[in-house]
1. Would you mind checking which residues have amide H under 5 Å from LEU152's amide H? H placed 1.01 Å from N; only 5 or more apart, or other chain.
2. Quick check on the stretch 172-304: take the gyration tensor over C-alpha atoms, sort the square-rooted eigenvalues as a ≥ b ≥ c, and tell me if it's rounded (a/c under 1.5), prolate or oblate.
3. Semi-axes, largest first, in whole Å: what does sqrt of 5 times each Cα gyration tensor eigenvalue give for the stretch 327-387?
4. Only sites in a loop by DSSP and with at most 11 other Cβ atoms within 10 Å count here; which trypsin sites (Lys or Arg not before Pro) in the stretch 135-206 make the cut?
5. Using alpha-carbon pairs under 8 Å, 6+ residues apart, how would you state the relative contact order of the stretch 263-325 in percent?
6. Write out the GluC sites (Glu not before Pro) in the stretch 227-293 meeting two conditions: DSSP loop, and at most 14 other Cβ atoms within 10 Å of their Cβ.
7. What is the angle, in °, between the Cα long axis of helix 371-380 and the longest principal axis of the Cα atoms in the chain? Nearest 10 is fine, range 0 to 90.
8. Report, please, the projected area of the stretch 167-217 averaged over directions, based on the convex hull of its C-alpha atoms, in nm².
Amino acid sequence: MKRWTAVLLALALVLSVAGCGSRNSDDGAGETKAPAAQTDEAGQGDQSEEAKETEGAAAGNYKIGIVTGTVAQTEEEYRAAQSMKELYGEEHIVTATYPDNFESEQQQVIQTIKNMAQEPDMKAIIMCQAVPGTKVAFEAIKNDPATKDILLVAGVPFEDPNVITTAADISIDADHPNIGYTMTAQAKEMGAETFIFYSFARHMAQELVVQKRDNVEKACKEQGINFVYVECVDPMGEQGVSGAQQWILEDLPRKLEEYGDNVAFFATNCSLQVPIITTILNDQEHHSLYPLQCCPSPLHALPEALGLEIPDDKKADVPYILEAEAAAVKEKGGEGRIATWAAPTDYSIIVGSVAYALEYINGNTNGLNDEEVYLKCMNDIANGAEITLNHVVDSQTGNTYDNYYLFSSTYVTY
């Protein structure tokens, strides 16, 4: 645990607590745009003794590449990547960003990943989020004899399991199908009588999101909760992020008037979380509920919605942040109505995957995909939260993907 204390100390220097991203964070960039994909040279720093211990006896030189969105798009992931560079040094950690408008610039995404694989001594590449184009780039790397042994990790894949698993050695995401059940149970425990599920057509085209929606509906029926699916405005549509947020601010009170007390609200999009949380906290009449974010994490949306100023030396101190959020929720009269996961989703994916990559480089794994070692690495960096892993099961064929992990964390109710 000494080495992961060092990880947290390094993160405390650089990790911002602004909203995180997920497969849905394509919608949350706002108006600020960072430059298109480029290798990032920031975040340099001397390696700590603990970091050197973590490297173990890796033979010769090595590099681990991390590709994330920009600060404007997915800040939690970007800061996590920079913290790894800070901890292990730029001679071992290479970072790059993909363009904010990645859907229309897939060639840039592909080239960014392929360029990283050409770095001398590159041993592993972690793509988080694994936006469209990741599979094509990973295939090119595996088809090149010079780079085929590079460990390829797809964090938060946008492409469906039957697509990404053919190219990535490991794919990892939050357990969206299981969240459908656990989040509904969480809502029930908080007193929910109605469950409002906000989403839109673009997200309903993603298999795991559909499974989550279907499982929420099934769990609601089993537990006597009224399930309501609501088609909301897509932040990538003509109205943009601000229009979608305004729509939520106007619609959520209408739903409270329609369904009354004990209504739980969930939305599949990152940029909609803050307006939902703030509206719920301002609702002292109907006892409305917020069982979980689209990207479960105490770092996602809650600090902003609660107006928290986290000290620089506490920005990666998850227990501190949980305590601060609990106090803020209580102060705003929302006690018992707001919940999240104890472990930050995308931060855990990046830091846990770096830990696993080091084990792979040091020869401590059974090949490229070793579930036992990967699970241990994820729990080692989880700040005491319990992380469990499941596998993706294709809803159509029943096929289990042994190299696609879905992880869950314990819940925290404020």
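The values are calculated or read from the model by the stated rules, or taken from the named source; none is laboratory data. Keep in mind that this is a model prediction, so the values were computed, not measured. So basically every Cβ, Gly included, is an ideal-geometry build from the backbone, and we count neighbours across all protein chains shown. Remember, those area values only see protein heavy atoms, side chains included, never the ligands or the DNA or RNA. Shrake-Rupley method; radii C 1.70, N 1.55, O 1.52, S 1.80 Å.
1. Answer set, sorted by chain and number: ILE125, ASP169, ILE170.
2. On the way: a/c = 1.39, a/b = 1.04, b/c = 1.34.
In terms of gyration-tensor shape, rounded.
3. Values: eigenvalues 236, 17, 12 Å².
The three semi-axes for the stretch 327-387 are 34, 9, 8 Å.
4. Numbers: sites: LYS135, LYS142, LYS148, LYS188, ARG202; in loops: LYS148, ARG202.
Of the trypsin sites (Lys or Arg not before Pro), the ones in loops of the stretch 135-206 whose Cβ has at most 11 other Cβ atoms within 10 Å are LYS148.
5. Details: 59 pairs, mean separation 21.5, N = 63.
Relative contact order, the stretch 263-325: 34 percent.
6. Values: sites: GLU231, GLU238, GLU250, GLU257, GLU258, GLU285; in loops: GLU238, GLU285.
Loop-located and lightly packed - GLU238, GLU285.
7. 70 degrees
8. Numbers: hull surface 17.2 nm².
Mean orientational projected area (the stretch 167-217, Cα hull): 4.3 nm².
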